[in-house]
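Below is one structure, written out as C-alpha coordinates; the observations come after it.
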Amino acid sequence: MKQCINCMTRLPRKEVAEVAWCALCAPCQQVVADQMKLLHDRPGGAPVQIHQCGWCGVARSCGIGWRTRCLVCLDDRSVPDPAVQKIARGLELDGTWRENSEFIAATTVKIRLAKYFQPGWTVLATDVHGLPWTGFRWLTRSHGTWGRNDETGEVQQLKHSRGEANLLYLVRYGKVLKFGRGNTDRVGAHVAQGAVPVLVLSASSQEISVARDRLKRRHRSEMVSLRTPVDLFAVLPDGLDVTDQLPRN
(Lines give C-alpha, C1' and ligand atoms only; values in the text may rest on other atoms or scores of the structure.)
Protein backbone atom coordinates (compact mmCIF):
# COMPACT_ATOMS: atom_id res chain seq x y z
CA MET A 1 0.00 0.00 0.00
CA LYS A 2 1.07 3.56 -0.68
CA GLN A 3 -0.39 6.86 0.45
CA CYS A 4 -1.22 9.72 -1.89
CA ILE A 5 0.71 12.69 -0.53
CA ASN A 6 -1.98 15.12 -1.70
CA CYS A 7 -5.19 13.61 -0.28
CA MET A 8 -3.62 11.03 2.08
CA THR A 9 -5.71 8.17 0.64
CA ARG A 10 -4.03 4.78 1.02
CA LEU A 11 -4.12 2.71 -2.15
CA PRO A 12 -2.42 -0.33 -3.67
CA ARG A 13 0.96 0.57 -5.10
CA LYS A 14 -0.24 0.04 -8.68
CA GLU A 15 -2.97 2.70 -8.25
CA VAL A 16 -0.59 5.58 -7.58
CA ALA A 17 2.03 7.23 -9.77
CA GLU A 18 5.07 9.32 -8.97
CA VAL A 19 4.48 13.01 -9.65
CA ALA A 20 7.00 15.65 -8.57
CA TRP A 21 8.92 12.98 -6.63
CA CYS A 22 5.88 11.87 -4.60
CA ALA A 23 3.03 9.36 -4.92
CA LEU A 24 -0.28 10.71 -6.26
CA CYS A 25 -3.56 8.88 -6.82
CA ALA A 26 -5.35 9.09 -10.16
CA PRO A 27 -8.01 11.64 -9.06
CA CYS A 28 -5.31 13.98 -7.71
CA GLN A 29 -3.33 13.60 -10.93
CA GLN A 30 -6.41 14.54 -12.92
CA VAL A 31 -6.96 17.77 -10.96
CA VAL A 32 -3.58 19.13 -12.11
CA ALA A 33 -3.41 17.40 -15.49
CA ASP A 34 -3.37 20.74 -17.35
CA GLN A 35 -1.67 22.80 -14.65
CA MET A 36 1.86 22.98 -16.08
CA LYS A 37 2.82 24.48 -19.46
CA LEU A 38 6.10 23.66 -21.20
CA LEU A 39 8.50 26.63 -21.43
CA HIS A 40 11.84 25.04 -22.39
CA ASP A 41 12.44 21.57 -23.80
CA ARG A 42 15.89 20.00 -23.31
CA PRO A 43 17.84 23.29 -22.97
CA GLY A 44 21.33 22.80 -24.34
CA GLY A 45 20.50 19.14 -24.94
CA ALA A 46 20.09 18.43 -21.22
CA PRO A 47 17.49 15.75 -20.31
CA VAL A 48 15.32 18.36 -18.60
CA GLN A 49 12.19 20.38 -19.30
CA ILE A 50 11.09 23.61 -17.65
CA HIS A 51 7.37 23.97 -17.01
CA GLN A 52 5.38 26.95 -15.74
CA CYS A 53 2.30 26.74 -13.54
CA GLY A 54 -0.76 28.17 -15.28
CA TRP A 55 -2.31 28.93 -11.90
CA CYS A 56 0.40 31.07 -10.25
CA GLY A 57 3.22 31.45 -12.79
CA VAL A 58 5.98 29.69 -10.81
CA ALA A 59 8.26 27.54 -12.96
CA ARG A 60 9.69 24.11 -12.13
CA SER A 61 12.38 21.97 -13.73
CA CYS A 62 11.59 18.32 -14.44
CA GLY A 63 13.47 15.39 -15.92
CA ILE A 64 12.42 14.02 -19.31
CA GLY A 65 9.82 11.29 -18.84
CA TRP A 66 8.91 12.44 -15.33
CA ARG A 67 5.62 13.95 -14.22
CA THR A 68 5.53 17.19 -12.28
CA ARG A 69 3.25 19.82 -10.74
CA CYS A 70 3.59 23.30 -9.27
CA LEU A 71 6.04 23.90 -6.44
CA VAL A 72 3.52 26.17 -4.70
CA CYS A 73 -0.13 25.49 -5.58
CA LEU A 74 -2.27 23.00 -3.71
CA ASP A 75 -5.78 22.08 -4.87
CA ASP A 76 -9.27 21.22 -3.68
CA ARG A 77 -8.26 17.62 -2.93
CA SER A 78 -5.24 18.61 -0.85
CA VAL A 79 -5.37 18.04 2.91
CA PRO A 80 -3.34 19.82 5.61
CA ASP A 81 0.10 18.49 6.44
CA PRO A 82 0.64 18.55 10.23
CA ALA A 83 4.33 19.40 9.86
CA VAL A 84 3.56 22.40 7.66
CA GLN A 85 0.87 23.60 10.05
CA LYS A 86 3.41 23.42 12.86
CA ILE A 87 5.73 25.62 10.80
CA ALA A 88 2.86 28.04 10.13
CA ARG A 89 2.10 28.31 13.84
CA GLY A 90 5.75 28.99 14.57
CA LEU A 91 5.73 31.75 11.95
CA GLU A 92 2.47 33.11 13.42
CA LEU A 93 0.71 33.05 10.05
CA ASP A 94 -2.97 33.91 10.27
CA GLY A 95 -4.32 32.59 6.96
CA THR A 96 -6.20 29.40 6.19
CA TRP A 97 -4.16 26.20 6.25
CA ARG A 98 -3.94 26.27 2.45
CA GLU A 99 -2.95 29.95 2.32
CA ASN A 100 -0.28 29.32 4.93
CA SER A 101 1.04 26.23 3.14
CA GLU A 102 1.26 27.99 -0.21
CA PHE A 103 2.90 31.05 1.35
CA ILE A 104 5.56 28.90 3.02
CA ALA A 105 6.20 27.00 -0.23
CA ALA A 106 6.38 30.21 -2.30
CA THR A 107 8.80 31.81 0.15
CA THR A 108 10.94 28.65 0.19
CA VAL A 109 11.16 28.83 -3.62
CA LYS A 110 12.09 32.53 -3.59
CA ILE A 111 14.86 31.95 -1.05
CA ARG A 112 16.22 29.05 -3.10
CA LEU A 113 16.17 31.07 -6.33
CA ALA A 114 18.06 33.89 -4.59
CA LYS A 115 20.88 31.46 -3.76
CA TYR A 116 21.52 30.91 -7.47
CA PHE A 117 21.59 34.54 -8.58
CA GLN A 118 24.49 35.44 -10.85
CA PRO A 119 25.11 38.80 -12.55
CA GLY A 120 24.12 38.59 -16.21
CA TRP A 121 21.69 35.73 -15.67
CA THR A 122 17.95 35.50 -15.02
CA VAL A 123 17.04 32.59 -12.74
CA LEU A 124 14.11 30.79 -14.37
CA ALA A 125 13.19 27.71 -12.39
CA THR A 126 14.20 25.29 -9.68
CA ASP A 127 13.05 21.96 -8.28
CA VAL A 128 12.61 21.29 -4.56
CA HIS A 129 11.84 17.76 -3.37
CA GLY A 130 8.76 17.81 -1.13
CA LEU A 131 7.07 20.93 -2.47
CA PRO A 132 4.26 21.91 -2.53
CA TRP A 133 3.20 19.50 0.22
CA THR A 134 5.91 19.73 2.88
CA GLY A 135 6.74 23.45 2.75
CA PHE A 136 10.45 22.63 2.95
CA ARG A 137 13.06 20.54 1.14
CA TRP A 138 12.31 16.94 2.10
CA LEU A 139 15.23 15.22 0.34
CA THR A 140 18.12 16.56 -1.75
CA ARG A 141 16.85 15.10 -5.02
CA SER A 142 16.38 17.82 -7.62
CA HIS A 143 16.30 18.40 -11.36
CA GLY A 144 18.36 21.51 -10.78
CA THR A 145 18.06 25.27 -10.91
CA TRP A 146 18.11 26.82 -14.37
CA GLY A 147 18.73 30.29 -15.71
CA ARG A 148 18.89 32.27 -18.95
CA ASN A 149 21.91 34.31 -20.04
CA ASP A 150 20.70 37.89 -20.42
CA GLU A 151 22.99 38.53 -23.39
CA THR A 152 22.80 35.32 -25.42
CA GLY A 153 19.47 33.88 -24.30
CA GLU A 154 21.15 30.54 -23.57
CA VAL A 155 19.40 28.45 -20.90
CA GLN A 156 21.58 26.26 -18.70
CA GLN A 157 21.82 24.79 -15.23
CA LEU A 158 23.17 27.18 -12.62
CA LYS A 159 25.53 26.49 -9.78
CA HIS A 160 24.93 27.70 -6.25
CA SER A 161 26.37 31.22 -6.22
CA ARG A 162 29.09 31.59 -3.66
CA GLY A 163 31.63 34.29 -3.03
CA GLU A 164 32.87 36.14 -0.01
CA ALA A 165 30.11 36.36 2.59
CA ASN A 166 30.87 39.75 4.10
CA LEU A 167 27.29 40.68 4.99
CA LEU A 168 24.91 39.55 7.71
CA TYR A 169 21.41 40.43 6.58
CA LEU A 170 17.83 40.50 7.80
CA VAL A 171 15.10 40.85 5.16
CA ARG A 172 11.33 40.67 5.22
CA TYR A 173 9.39 38.38 2.89
CA GLY A 174 5.82 39.52 3.42
CA LYS A 175 4.70 37.94 6.69
CA VAL A 176 8.09 36.53 7.75
CA LEU A 177 11.69 37.53 8.39
CA LYS A 178 14.71 35.81 6.86
CA PHE A 179 18.28 36.22 8.05
CA GLY A 180 21.46 34.90 6.51
CA ARG A 181 24.94 35.67 5.28
CA GLY A 182 26.15 36.60 1.82
CA ASN A 183 27.38 39.47 -0.29
CA THR A 184 25.77 42.41 -2.06
CA ASP A 185 24.60 40.16 -4.92
CA ARG A 186 22.89 37.78 -2.48
CA VAL A 187 20.99 40.56 -0.74
CA GLY A 188 20.11 42.06 -4.13
CA ALA A 189 18.80 38.67 -5.25
CA HIS A 190 16.48 38.53 -2.24
CA VAL A 191 15.27 42.04 -3.10
CA ALA A 192 14.64 40.92 -6.70
CA GLN A 193 12.46 38.11 -5.30
CA GLY A 194 10.36 40.67 -3.40
CA ALA A 195 12.17 40.88 -0.06
CA VAL A 196 12.63 44.17 1.79
CA PRO A 197 15.95 44.77 3.61
CA VAL A 198 15.49 45.41 7.32
CA LEU A 199 19.12 45.55 8.45
CA VAL A 200 22.39 44.61 6.76
CA LEU A 201 25.72 44.60 8.59
CA SER A 202 29.19 44.36 7.08
CA ALA A 203 32.20 42.64 8.69
CA SER A 204 34.88 40.10 7.86
CA SER A 205 33.69 36.79 6.41
CA GLN A 206 34.86 34.93 9.52
CA GLU A 207 32.94 37.26 11.84
CA ILE A 208 29.87 36.96 9.62
CA SER A 209 30.02 33.16 9.70
CA VAL A 210 30.26 33.03 13.48
CA ALA A 211 27.44 35.57 13.88
CA ARG A 212 25.11 33.70 11.50
CA ASP A 213 25.74 30.43 13.34
CA ARG A 214 24.90 32.10 16.65
CA LEU A 215 21.63 33.37 15.19
CA LYS A 216 20.75 29.89 13.89
CA ARG A 217 21.37 28.34 17.28
CA ARG A 218 19.24 31.02 18.89
CA HIS A 219 16.29 30.87 16.48
CA ARG A 220 16.72 27.31 15.06
CA SER A 221 15.66 28.50 11.61
CA GLU A 222 16.68 31.29 9.26
CA MET A 223 12.99 32.06 8.62
CA VAL A 224 11.06 33.41 11.62
CA SER A 225 7.88 35.34 12.37
CA LEU A 226 7.67 39.11 12.01
CA ARG A 227 7.36 39.47 15.76
CA THR A 228 10.56 37.55 16.49
CA PRO A 229 13.26 39.90 17.81
CA VAL A 230 16.20 39.11 15.53
CA ASP A 231 19.05 41.26 16.87
CA LEU A 232 21.95 41.31 14.43
CA PHE A 233 23.99 43.67 16.61
CA ALA A 234 23.75 41.23 19.52
CA VAL A 235 25.76 38.67 17.53
CA LEU A 236 27.83 41.18 15.53
CA PRO A 237 28.33 44.23 17.79
CA ASP A 238 31.10 45.74 15.64
CA GLY A 239 29.22 45.28 12.37
CA LEU A 240 28.90 48.28 10.05
CA ASP A 241 25.33 49.16 9.05
CA VAL A 242 25.25 49.27 5.23
CA THR A 243 21.49 48.87 4.78
CA ASP A 244 21.07 52.20 2.99
CA GLN A 245 23.76 51.29 0.47
CA LEU A 246 21.81 48.32 -0.88
CA PRO A 247 19.13 48.28 -3.60
CA ARG A 248 15.42 48.24 -2.83
CA ASN A 249 12.45 47.44 -5.02
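The values are calculated or read from the model by the stated rules, or taken from the named source; none is laboratory data. Only a predicted model underlies this, so the values are computations on that prediction, with no experimental measurement involved. Every residue, glycine among them, receives a Cβ derived from its backbone with ideal geometry; neighbour counts consider all protein chains shown.
Worth a mention:
- Across region 174-197, the number of residues qualifying as in contact (Cβ under 8 Å) with a residue 24 or more places away in the chain and either assigned to a strand (DSSP E or B) or among the hydroxyl-bearing types (Ser, Thr, Tyr) (or both) comes to 9.
- Note on region 89-128: residues that are under 12 Å from Trp146 (Cα atoms), among the polar types (S, T, N, Q) and surrounded by 19 or more Cβ atoms within 10 Å (Cβ to Cβ) total 1.
- The lone exception for Gln30 - which of (1) free of Cβ contacts under 8 Å to residues at least 12 places away in the same chain; (2) assigned to a loop (DSSP other than H, G, I, E, B) it fails: (2)
- Every condition in (1) out of contact with any strand residue (DSSP E or B) (no Cβ under 7 Å at 6 or more places or on another chain); (2) part of a loop (DSSP other than H, G, I, E, B); (3) more than 27 Å from His160 (Cα to Cα) holds for Lys14 except the one numbered (2).
- Applying the condition of being under 18 Å from Tyr116 (Cα atoms) and in contact with a strand residue (DSSP E or B) (Cβ under 7 Å, 6 or more places away or on another chain) to region 170-183 and asking which residue is surrounded by the most Cβ atoms within 10 Å (Cβ to Cβ) yields Gly182.
- Of everything listed in (1) at pLDDT 95 or above; (2) not in a loop (DSSP other than H, G, I, E, B), the single unmet condition for Asp244 is (1).
- Among the candidates Pro132, Pro119, Pro197, residue that is assigned by TED's automatic domain parsing to the domain that holds Asp41, of a type outside the set (Phe, Trp, Tyr) and within 30 Å of Arg98 (Cβ to Cβ): Pro132
- Within region 142-160, being touching a residue at least 60 places away in the same chain (Cβ under 8 Å) and either over 19 Å from the mean Cα position of the chain (by Cα) or part of a strand (DSSP E or B) (or both) holds for Trp146, Glu154, Val155, Gln156, Gln157.
- Filter result for Arg214 (exposed (fewer than 12 other Cβ atoms within 10 Å of the Cβ) and either within 24 Å of Thr107 (Cβ to Cβ) or outside the structural domain of Gln118 (by TED's automatic domain parsing) (or both)): no
- Residue match in region 161-171 (condition: among the acidic types (Asp, Glu), in a loop (DSSP other than H, G, I, E, B) and over 28 Å from Arg42 (Cβ atoms)): yes
- Checking Ile111 against (1) in contact with an Asp or Glu (Cβ under 9 Å, 6 or more places away or on another chain); (2) touching a residue at least 40 places away in the same chain (Cβ under 8 Å); (3) not in a helix (DSSP H, G or I), the condition it does not meet: (3)
- Scanning region 124-131 turns up no residue that is under 21 Å from Ala33 (Cα atoms) and touching an Asp or Glu at 6+ places or on another chain (Cβ under 7 Å).
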